[in-house]
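J.: First, the structure itself, so that you have it in front of you.
The values are calculated or read from the model by the stated rules, or taken from the named source; none is laboratory data. Computed from a predicted model, the values in this text were never measured in an experiment. Using ideal geometry, Cβ is built from the backbone for each residue, glycine included, and neighbour counts are taken over all protein chains shown.
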Amino acid sequence: MLSWPSFAALKHAFPESRIIALVPAYTQPVAELCPSIDEVIIDPTADAGVNGFISLLKRIREQRFDLMLTLFSTTRVGLLGFAAGIPARWAPATKLAQIFYNHTLKQKRSRSEKPEFQYNLDLTEACIKSAQSDKPNPSHYQSHSHITERPYLAFDDTSLKALRQQFVDQHCIVAEQRLVFIHAGHGGSANNLGLLQYAELAKLISHETVCFILTAGPGELEDTQKLAALMDQFHLNYRIFNSTEGLTSFARHLALADLFIAGSTGTLHIAGALDRPTVGFYPNRRSSTPLRWRTLNSHGRYLALTPPSDIEQDMSCVDLSKAAEDIQAFMARLWSGDYQT
């Protein structure tokens, strides 16, 4: 999701270009939703072995690409572009993989001094500037990093209105209630709150105008049901949404959220790309900070919460009372003060 601003900048700079994204299969549905991507090629990854690499290389060669932009560089992908003979190949100047690229940019991402999407945009900007300067009659270069096509991911209002009505009817939710999604699952490297913490947080921010939606992706239903049992102990108003119809359907349902609460996960970033108001819980570890992994929301539509500054990764140290106060203030501002504790 944090590459979408780069795709938008490329399409804005070169509106008649054909942009093809190389992605692993599990992100294919989301890549196909991106309005700035024209086609998707599936990378079978290193798991496919030598035969898989050769087959992918053949397909890349057939495309006769003019330019390759690698936002997350690996030796395997670098070798792929080099062997395919792509004339201009861009990547961060990190790792051994950079030897396969003829254009690199030093970024020092490990310092986490910028959001990840901004690092991606910086590299994209350098690529665009170089490509434009190579034109026979180059025009004056203009920065494209200001492109803010928020929401980066969107569905049409009519279909969302119908989906919301279907959703509240199916789950017997009062139509006027706000839908506060809580996604307690996570598959990434960042630490997350525990299930009891999420239940206690929900208790602290619960209100008659709110219905909590406990979301579950593949393999997450068991933990979501455990969270539901804890919510029952606090007599909270909730429903379970178990997503079983693929990532695109899941994203459409996330677009219904009046507020989305989660740890630093891919699901949080989908909600951010939809510009749904997000509350994210992050560790203080430098590689996992709220700054580095900021969501794509518009300004003022995201809230990042962490443990105390002297605690790096122990999410059990998050002050839930303070977090609840911050979330309540966030909700009141978002909803024009109609949320009163």
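J.: Would you kindly identify the helices (runs of 4 or more DSSP H) lying entirely within the stretch 153-260 that contain at least 2 residues that are in the same structural domain as GLU312 (by TED's automatic domain parsing), among the basic types (Lys, Arg) and out of contact with any Ser or Thr (no Cβ under 6 Å at 6 or more places or on another chain)?
T.: 157-170
J.: For LEU247, indicate whether it is buried (at least 17 other Cβ atoms within 10 Å of the Cβ), in contact with a Leu (Cβ under 6 Å, 6 or more places away or on another chain) and touching a residue at least 12 places away in the same chain (Cβ under 8 Å).
T.: So LEU247 does not fit the description; no.
J.: Restricting to the stretch 70-101, give me the number of residues that are at pLDDT 95 or above, part of a loop (DSSP other than H, G, I, E, B) and surrounded by 15 or more Cβ atoms within 10 Å (Cβ to Cβ).
T.: Total satisfying the criteria: 4.
J.: Has the stretch 202-215 got at least one residue that is among the hydrophobic types (A, V, I, L, M, F, W, C) and either touching an Asp or Glu at 6+ places or on another chain (Cβ under 7 Å) or at pLDDT below 95 (or both)?
T.: no
J.: Name every residue in the stretch 63-75 that is touching a residue at least 40 places away in the same chain (Cβ under 8 Å) and over 26 Å from the mean Cα position of the chain (by Cα), in order of residue number.
T.: GLN63, PHE65
J.: Separate question: Considering only the stretch 108-116, I want to know if a residue exists there that is hydroxyl-bearing (Ser, Thr, Tyr), modelled with pLDDT under 95, under 25 Å from the mean Cα position of the chain (by Cα) and closer than 17 Å to PHE7 by Cβ.
T.: no
J.: To continue, here is another question. Please go through the stretch 319-334 and pick out each residue that is more than 22 Å from ARG276 (Cβ to Cβ) and either in a loop (DSSP other than H, G, I, E, B) or in contact with a helix residue (DSSP H, G or I) (Cβ under 9 Å, 6 or more places away or on another chain) (or both).
T.: Hits for the stretch 319-334 are ASP319, LEU320, SER321.
J.: Could you give every pair whose Cβ atoms fall below 6 Å, whose first residue belongs to the stretch 76-88 and is in contact (Cβ under 8 Å) with a residue 24 or more places away in the chain, and whose second residue is of a type in the set (Ser, Thr, Tyr) and outside any helix (DSSP H, G or I), counting only separations of at least 6 or pairs across chains?
T.: Matching pairs, first to second residue: VAL77/THR70.
J.: Something else now. In the stretch 200-238, which residues are within 21 Å of VAL318 (Cα to Cα) and in contact (Cβ under 8 Å) with a residue 40 or more places away in the chain?
T.: GLU200, LEU201, LEU204, ILE205, THR224, LEU227 - these are the residues of the stretch 200-238 that are within 21 Å of VAL318 (Cα to Cα) and in contact (Cβ under 8 Å) with a residue 40 or more places away in the chain.
J.: When both residues are 6+ apart or on different chains and their Cβ atoms are under 8 Å apart, which pairs have a first residue that lies in the stretch 315-336 and is surrounded by fewer than 19 Cβ atoms within 10 Å (Cβ to Cβ), and a second that is of a type in the set (Phe, Trp, Tyr) and part of a loop (DSSP other than H, G, I, E, B)?
T.: From residues that are surrounded by fewer than 19 Cβ atoms within 10 Å (Cβ to Cβ), the pairs are GLN328/TYR339; ALA332/TYR339.
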